[in-house]
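The block underneath contains the structure these notes are about, expressed in structure tokens.
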Amino acid sequence: MNIVYLDHAATSRTKPECVYRAMDRFMREIGASPGRSAHAPGLAAGRVVADTRRAAAALFGVADPARVVFTLNCTQALNLALRGLARPGSDVVTTSVEHNSVMRPLTALARERGLNLVFAAADEEGMTRPGELAKRLTGRTSLIVMTHASNVTGAIQPIDEWGHLARERGVPFLVDAAQTAGCLPIDLSRLPVDLLAFSGHKGLLGPQGTGGLFIREGFDPEPLMHGGTGSASSEIAQPAWLPDRYESGTPNTPGLAGLGAAIGFLLERGVASVRERVCAVGEALAAGLAGLPRVRLYGPRGMDANVGIFAFTVDGADPAEVASALETRHGIMTRVGLQCAPCAHRAMGTFPSGTIRAGIGYGTTMADAETLVNALRVL
Ligand SMILES: Cc1ncc(COP(=O)(O)O)c(C=O)c1O
């Protein structure tokens with residue numbers, strides 16, 4: 001039985017061939033630590049990291065690549081930004097659809113620093129309207145954080161409008177782009193976003209263990225970690241400059257080699273053209289699911305408002321049993337349950353059993369969409 005992988009929202013599984021080659025080449029032919037030693041493989045490793053940083057900056061419209069710092073995943077980037085910027089005793093405004101990689105650090109910070117967490121509500125499709133934000137901002141707000149697209153419903157949030165409001169009020173604006181980096185064009189030369197956290201292993205098509213944070217000039221979060229950077233080694237204080245300020249310890253250089261190749265692939269193809277294909281499959285899948293009387297779909301159906309995530313339940317059936325039947329009988333891999341976003345499910349009324357999530361992405365075909373619809377028809 002062929003595998004139909006519909007869990008791209010967790011991680012993209014099949015990568016472009018160049019990603020495997022770049023990682024293999026790094027491991028076999030370079031293999032040294034970047035930015036530390038002046039020998040040839042060390043310098044070559046440093047170039048790999050620098051090339052990946054330049055590629056990421058180009059993809060996101062960032063003029064100075066040093067403002068893109070690498071992390072092990074989006075969670076680490078979010079922790080860096082949240083811990084680095086949330087002022088003790090202040091308000092932090094967020095939405096009711098955030099992933100636990102935002103909710104848990106905020107909950108911990110509320111306890112440690114006495115933060116007041118303020119939630120802007122989402123509508124039934126998981127969309128948060130900017131009006132919801134405006135009425136929650138006060139003179140005590142030290143940070144606004146929101147996801148670019150819900151990992152539960154796929155709803156693409158109006159970050160442009162939220163960002164303009166944040167600018168007007170002079171409040172730092174952090175965006176969680178875990179679900180959108182590589183899936184939607186993101187141009188930070190135009191968007192009013194101050195910090196943007198991203199995963200390298202989802203829509204960017206890189207390997208697991210990669211991610212990063214864009215930090216706009218003028219923002220200076222406290223580092224999450226201090227340690228060796230290979231630079232200014234005579235000093236025992238952390239370097240003040242980027243990216244070294246935020247990149248202590250040996251990085252995941254094989255992963256960054258793969259991520260660089262993946263981003264190179266996206267730059268060549270164009271995120272917009274990858275998106276066009278995903279949209280065509282998404283529209284067909286939404287129409288197919290909508291035609292099944294027992295299937296209840298949550299979130300936006302139109303791909304203009306959906307990043308490529310389809311959340312559904314089947315009347316009279318336990319979601320976990322449906323997901324298990326899809327895998328064992330049809331080879332279809334989905335993600336069932338709360339998808340690390342309990343608050344989003346509470347808001348949608350699907351807590352605690354959750355939904356079945358079909359996350360499509362690069363490489364998902366019309367045949368994959370048809371297989372899912374046909375499998376649900378005979379369930
Ligand atoms: C919206 C959202 N934010 C953050 C994360 C965390 O990403 P990572 O696994 O790269 O830490 C995820 C992962 O699923 C996500 O969907």
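The values are calculated or read from the model by the stated rules, or taken from the named source; none is laboratory data. Predicted model, so just to flag it, every value in this text is computed and none were measured. Cβ atoms come from the backbone with ideal geometry, glycine included; neighbour counts cover every protein chain shown.
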T107 meets each of (1) in a helix (DSSP H, G or I); (2) at positive phi with one exception, condition (2)
Could you tell me which residue of the stretch 155-171 is surrounded by the fewest Cβ atoms within 10 Å (Cβ to Cβ), considering only residues that are out of contact with any Pro (no Cβ under 9 Å at 6 or more places or on another chain) and not hydrophobic (A, V, I, L, M, F, W, C)?
G170
Top-ranked residue of the stretch 52-72 - restricted to ones that are out of contact with any Leu (no Cβ under 9 Å at 6 or more places or on another chain) and not hydrophobic (A, V, I, L, M, F, W, C), ranked as nearest to A262 (Cα to Cα):
R54
Residue that is surrounded by the fewest Cβ atoms within 10 Å (Cβ to Cβ) [pool: residues in the stretch 45-100 that are over 25 Å from V152 (Cα atoms) and of a type in the set (S, T, N, Q)]:
S90
Among the numbered criteria (1) touching a residue at least 40 places away in the same chain (Cβ under 8 Å); (2) in a loop (DSSP other than H, G, I, E, B); (3) within 16 Å of the ligand (Cβ to nearest atom), which one does E124 miss?
(3)
Restricting attention to the stretch 344-379, report how many residues are charged (D, E, K, R), surrounded by fewer than 21 Cβ atoms within 10 Å (Cβ to Cβ) and either under 23 Å from the mean Cα position of the chain (by Cα) or not in a helix (DSSP H, G or I) (or both).
1
Please tell me if R53 is basic (K, R) and within 30 Å of L106 (Cβ to Cβ).
yes
Inspect the stretch 140-162 for any residue being in contact with a helix residue (DSSP H, G or I) (Cβ under 6 Å, 6 or more places away or on another chain), away from the ligand (no atom under 13 Å from the Cβ) and in contact (Cβ under 8 Å) with a residue 40 or more places away in the chain and give the result as yes or no.
yes
Could you look through the stretch 163-199, keep only residues that are polar (S, T, N, Q) and within 10 Å of the ligand (Cβ to nearest atom), and pick out the one that is farthest from G264 (Cα to Cα)?
Q179
Any chance the stretch 49-69 includes a residue that's in a loop (DSSP other than H, G, I, E, B) and under 21 Å from the mean Cα position of the chain (by Cα)?
yes
Subset of the stretch 12-25 [within 16 Å of the ligand (Cβ to nearest atom) and out of contact with any Pro (no Cβ under 9 Å at 6 or more places or on another chain)]
S12, R13
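Which residue, of V152, V145, V118, is among the β-branched types (V, I, T), assigned to a strand (DSSP E or B) and buried (at least 24 other Cβ atoms within 10 Å of the Cβ)? Even if it seems obvious, please write down each step before you answer.
Values: V152 fails: assigned to a strand (DSSP E or B); V118 fails: buried (at least 24 other Cβ atoms within 10 Å of the Cβ).
Within the list V152, V145, V118, the selection yields V145.
Where in the stretch 238-334 are there helices (runs of 4 or more DSSP H), lying fully within it, with 2 or more residues that are within 24 Å of A58 (Cα to Cα)? Please lay out each step first, then the result.
Numbers: elements: 253-269, 271-290, 319-330.
In the stretch 238-334, the matching helices (runs of 4 or more DSSP H) lie at 253-269, 271-290.
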Looking across the stretch 8-44 at residues that are surrounded by fewer than 18 Cβ atoms within 10 Å (Cβ to Cβ) and of a type in the set (D, E, K, R), the single one that is modelled with the lowest pLDDT is R36
